[in-house]
Amino acid sequence: MEALRSLDLTKARCDGVKHLLTPFVPAAEPVPPYVSALASDTLFQIVAIRDVSRSAISYIESLVELIDANEGFYDRQTKSRPRKQKVIRSANVDGDAQEHWPTQAASPTYRLTLQDAHGNFCYAHEIEPLPFLRSSPDLYPVRLGSKLLVQKGATVVFGSAFQLTSSICRFLGGELPHMNQDLYRRELQNFKREINYTG
């Protein structure tokens, strides 16, 4: 099992875990009640992670900051590039001060894109906070290519999306370096394309 952590599942053929390399086959057309159960334990690799409680604009802003911070090790107090100033266009001075206090940020809710050993893709939505996605405050809390074992009986909705709880999945870790190389730049371009961002 340890050897699989750094292998691309679509290329792995390990006899010891062959029973976990079963294909995930989504239903051709989901039928009511649109809910089924996974037929057998299946090993996946995580190929994308998204906090669905954040907007695409929020991701773009965070990614730009991360890319800028990683590109230049310049002193933050004497930046070589001026930062765009945010302009306050209006303010309500008559209202109650309490209502203008910033609200606490929503806790993240993650959607994973998973790939099985046969190249099939599916989504997995956490329906309760999964500890392995809370172990790091990073924008992408786990490395892409990490392995996730989803156990038999996991809820599958609409034929191709899992509802994950900590009791039906086991995070095995690992990574695929090629998936994480230039991740921030790739994701920034994807988010900009997604919303036709021109800024």
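Computed from the coordinates by the stated procedures, all read-outs in this text should not be read as laboratory data. Please read all numbers here as calculations on a predicted model, not as lab measurements. Don't worry about glycine lacking a Cβ; one is built from the backbone with ideal geometry, like all the others, and counts go over all protein chains shown.
Suppose every Lys and Arg Cβ carries +1 and every Asp and Glu Cβ carries -1, with no other charges. What dipole size does the stretch 124-170 come out with about its Cα centre, to the nearest 20 debye?
Dipole about the Cα centre, nearest 20: 200 debye.
Whole-Hz Karplus ³J(HN,Hα) for the stretch 47-61, in order, using 6.51 cos²θ - 1.76 cosθ + 1.60 and θ = phi - 60°, x for Gly and Pro?
10, 7, 9, 9, 7, 6, 7, 9, 7, 5, 4, 4, 4, 4, 4
Could you run the Karplus curve 6.51 cos²θ - 1.76 cosθ + 1.60 with θ = phi - 60° over the stretch 147-164 and give me ³J(HN,Hα) per residue in whole Hz, x for Gly and Pro?
The phi angles translate into 9, 9, 9, 9, 7, 3, x, 4, 6, 10, 10, 6, x, 8, 9, 8, 10, 9 Hz.
Determine the dipole magnitude for the stretch 113-199: charges of +1 sit on the beta-carbon of Lys and Arg, -1 on that of Asp and Glu, nothing else is charged, the reference point is the Cα centre, and the result goes in debye to the nearest 20.
80
With a sphere of radius 10 Å drawn around the Cβ of Tyr140, what net charge do the other residues whose Cβ falls strictly inside it have (Lys, Arg +1; Asp, Glu -1)?
Surrounding charge for Tyr140 is -1.
For the stretch 113-199, report the translational diffusion coefficient in µm²/s to the nearest whole number, using Stokes-Einstein at 25 °C, 0.890 mPa s, and a Kirkwood Rh over Cα pairs.
Diffusion coefficient, whole number: 167 µm²/s.
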